[in-house]
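Report on the following structure.
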Amino acid sequence: MTLWYLARAAGMVALIAFTVSTVLGALASGRARPRTWSAIDRRFLMQMAHRSAAITGLLALTAHVAILVVDHFVDVSVSGALVPFTAGYAPVALGLGTLGTYAIVLTAVTGAARGRLAASARAARTWRSVHLMAYAGWALSMGHGLLAGTDTATIWASAVYVACGLAVVVAVAVRLFGHDRSANQPLATARRLVRITS
């Protein structure tokens, strides 16, 4: 039973970390161009926290999946974890988790390659559209947790799910409605910051 408890804990840590990363990513990308050094520092710190939360989530997700495959309390094979909707235990719920994992990993890979992909306006737009998969990955992870989580009905787990959901909804609302769209030009901002620091 120890592995089962560890798997559940790792899954909850992954969800919370991905929620923090999603919220910070939404808020950081929705800000207007930084105009002062303190604004540049705040944006840099927010981006670092965003990436750190994503890495923490990926590590917890890896532990969650690995422990579930090793543990024999539930029937989750390697193929059941990798191929959506084929697990012996809660195939729909685990399928959502598998799809969410793929979306999150794709987002992480594009995030790591952002510097190379932001060389032109077209590449930056492509990067941004692929990186939006983070929202799908987060939503699929929430669905996975709600359907497969054995703690879902408890007060503490329900509070975590509600808090995570509200945090992302508020962050997305701030991103969509809380900034001047004409000021959000990532390539121009990056070039201006390079000139400032040179």
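Within the set of pairs 6+ apart or on separate chains, which have a first residue in the stretch 67-81 that is buried (at least 17 other Cβ atoms within 10 Å of the Cβ) and small (Gly, Ala, Ser), a second that is modelled with pLDDT of 90 or more and in a loop (DSSP other than H, G, I, E, B), and C-beta atoms under 9 Å apart?
Gly80/Thr86; Gly80/Ala87; Ala81/Ala87
Of all residues being assigned to a helix (DSSP H, G or I) and out of contact with any Phe, Trp or Tyr (no Cβ under 6 Å at 6 or more places or on another chain) in the stretch 131-140, which is farthest from Ala157 (Cα to Cα)? Just the residue, please.
Step by step, filter the stretch 131-140, then rank; the result is His131.
Can you find, within the stretch 90-130, the residue that is surrounded by the fewest Cβ atoms within 10 Å (Cβ to Cβ) among those that are touching a residue at least 24 places away in the same chain (Cβ under 8 Å) and outside any helix (DSSP H, G or I)?
The extreme case among them is Ser120.
Please tell me if Thr22 is under 29 Å from Phe177 (Cβ atoms), crowded, with 18+ Cβ neighbours inside 10 Å and at pLDDT below 95.
Criteria not met by Thr22.
So is Ala28 small (Gly, Ala, Ser), under 19 Å from Val174 (Cα atoms) and at pLDDT 80 or above or not?
Yes.
Which residues, taken from the stretch 135-156, are surrounded by fewer than 19 Cβ atoms within 10 Å (Cβ to Cβ) and either among the hydroxyl-bearing types (Ser, Thr, Tyr) or farther than 16 Å from Ala60 by Cβ (or both)?
Correct list: Tyr135, Ala136, Ala139, Gly143, Leu146, Leu147, Thr150, Thr152, Ala153, Thr154, Ile155, Trp156.
Take the residues of the stretch 157-167 that are closer than 20 Å to Ala93 by Cβ and within 15 Å of the chain's Cα centre (by Cα): which is surrounded by the fewest Cβ atoms within 10 Å (Cβ to Cβ)?
Here the answer is Gly165.
Exactly one condition in (1) modelled with pLDDT of 95 or more; (2) β-branched (Val, Ile, Thr); (3) over 18 Å from Val13 (Cβ atoms) is not met by Val76; state its number.
Against the list (1) modelled with pLDDT of 95 or more; (2) β-branched (Val, Ile, Thr); (3) over 18 Å from Val13 (Cβ atoms), Val76 comes up short only on (1).
What's the number of the condition His64 fails, among (1) under 14 Å from the mean Cα position of the chain (by Cα); (2) modelled with pLDDT of 95 or more; (3) not aliphatic (A, V, I, L, M)?
(1)
The values are calculated or read from the model by the stated rules, or taken from the named source; none is laboratory data. The shown structure was predicted, so the numbers you read here are calculated from the model rather than taken from an experiment. All Cβ positions, glycine included, derive from the backbone under ideal geometry; neighbour counts span all protein chains shown.
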